[in-house]
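Worksheet for the structure shown next.
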Amino acid sequence: MPGKYKYLYGPVPSRRLGRSLGIDIIPFKICTLDCIYCQLGRSSKKTLERDEYVSTDAVLAELAEKIEDGLDADYITIAGSGEPTLNSQIGKLLNAIKKITNIPLAVLTNGTLFFRDDVREDCAKADLVLPSLDAGDEQTFRRINRPHADINIEKLVSGLAAFRNKFSGPIWLEVFLVAGLNTNTQQIAVIKNLIERIAPDKIHLNTAVRPTTEADVAAVTPDELEAIAAKLGDSCEIIADFSAAHAPTTDTRTTPEDVFSMLKRRPCSVEDISAGLSIPPNLAVKHLTTLQQQDLIESYHKNRTVFFRAK
Ligand code: SF4
């Protein structure tokens, strides 16, 4: 039965989090950034404005139902079809979830709003925070992450460093590598300097092994990733999965076959699939990834949007 939940997806297998139940608290695709490697496509709205973008009560009602149905997950992960800290109620939501379950709470964020006291305070209620840093200088930051005009790399890094001082839980920092853009020796050296200021517990290296919006986003090879990981030190792990994230999603209400049926009728974007099946975009991406790994579909770009079609 597709569409039982509007805000929840999974639990889905995650390399970083085990079995993770995603909660999507931002409408498609409102973000502070517009990363060239974003699986969700271009940002429809780039903003720094926090708001209750989705009803906290509705999210909590869905989660309560899911728990009652029997929820087996390693983490509940607050994410979004955009940047979840833009949701002004995220702190309230984290507090409320803690009252109904002991499952640890993770927040997946790009970290760009951590310069704000209220965002740091909200996210400190989580058990684990997973921010991102993909560049060592302003020019590369603008090239890869295409930020809102009022965000710059110094604001991002000092916000994350301030959060580190406040938050005693683990911070796992993701660095997304794009071949030719942030992978040379000088760039890795400056990224390393910034990481030292943030002092995360782990560094997770990723690259474009899944479909991305931009045609020219090239993945880094496993050997290059190994070499970069060695430069970044012992706390660095590679999370890019070149063998394909073969584990199927454990969400039983929609399957990759539902998505494949849609694509056999007509090409669709992530947003089309999400709307057509009434599932969160992140779950649509998971299903698309499975179908790509099975070589059943292909992607192409049209009018700045990535479309998928059956082969
Ligand atoms: S990858 Fe994340 S931070 Fe970047 S544009 Fe997409 S949703 Fe926003």
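The values are calculated or read from the model by the stated rules, or taken from the named source; none is laboratory data. Predicted, not measured: the structure shown is a model, and the values here were computed from it. Cβ atoms come from the backbone with ideal geometry, glycine included; neighbour counts cover every protein chain shown.
Among the candidates Gly169, Gly159, single out the residue that is modelled with pLDDT of 95 or more and surrounded by fewer than 18 Cβ atoms within 10 Å (Cβ to Cβ). Please lay out each step first, then the result.
Details: Gly159 fails: surrounded by fewer than 18 Cβ atoms within 10 Å (Cβ to Cβ).
Step by step, each of Gly169, Gly159 is checked, and only Gly169 is modelled with pLDDT of 95 or more and surrounded by fewer than 18 Cβ atoms within 10 Å (Cβ to Cβ).
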Exactly one condition in (1) in contact with a strand residue (DSSP E or B) (Cβ under 9 Å, 6 or more places away or on another chain); (2) at pLDDT below 95; (3) crowded, with 19+ Cβ neighbours inside 10 Å is not met by Arg210; state its number. (1)
The one condition Lys92 fails out of (1) without any contact (Cβ under 8 Å) to a residue 60 or more places away in the chain; (2) more than 30 Å from Gly180 (Cα to Cα); (3) crowded, with 23+ Cβ neighbours inside 10 Å; (4) touching a Ser or Thr at 6+ places or on another chain (Cβ under 9 Å) is (3)
Residue check: is Ile151 closer than 22 Å to Ser44 by Cα, within 16 Å of the ligand (Cβ to nearest atom), at pLDDT 95 or above and outside any loop (DSSP other than H, G, I, E, B)? no
Number of the condition not met by Ala79 [criteria: (1) modelled with pLDDT of 95 or more; (2) within 14 Å of the ligand (Cβ to nearest atom); (3) hydrophobic (A, V, I, L, M, F, W, C)]: (1)
Assuming Glu237 fulfils every condition listed in (1) modelled with pLDDT of 85 or more; (2) within 30 Å of Gly136 (Cα to Cα); (3) out of contact with any Asp or Glu (no Cβ under 9 Å at 6 or more places or on another chain); (4) not in a strand (DSSP E or B) apart from one, which condition is it? (4)
For Asp69, indicate whether it is away from the ligand (no atom under 16 Å from the Cβ), surrounded by fewer than 21 Cβ atoms within 10 Å (Cβ to Cβ) and under 18 Å from Arg164 (Cβ atoms). no
Test result for Leu133, more than 15 Å from the ligand (Cβ to nearest atom) and in contact (Cβ under 8 Å) with a residue 40 or more places away in the chain: no
The correct count of residues that are in contact with a helix residue (DSSP H, G or I) (Cβ under 7 Å, 6 or more places away or on another chain) and within 9 Å of the ligand (Cβ to nearest atom) in the stretch 33-53 is 6
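Take Leu296 and tell me if it is surrounded by 14 or more Cβ atoms within 10 Å (Cβ to Cβ), farther than 23 Å from Arg19 by Cβ and at pLDDT 80 or above.
Numbers: surrounded by 14 or more Cβ atoms within 10 Å (Cβ to Cβ): yes; farther than 23 Å from Arg19 by Cβ: yes; at pLDDT 80 or above: yes.
Judged against the criteria, Leu296 is a match.
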What pairs come up if the first residue lies in the stretch 217-233 and is assigned to a helix (DSSP H, G or I), the second is among the small types (Gly, Ala, Ser), and their beta carbons are under 7 Å apart, counting only those six or more places apart or on different chains? Leu225/Ala240
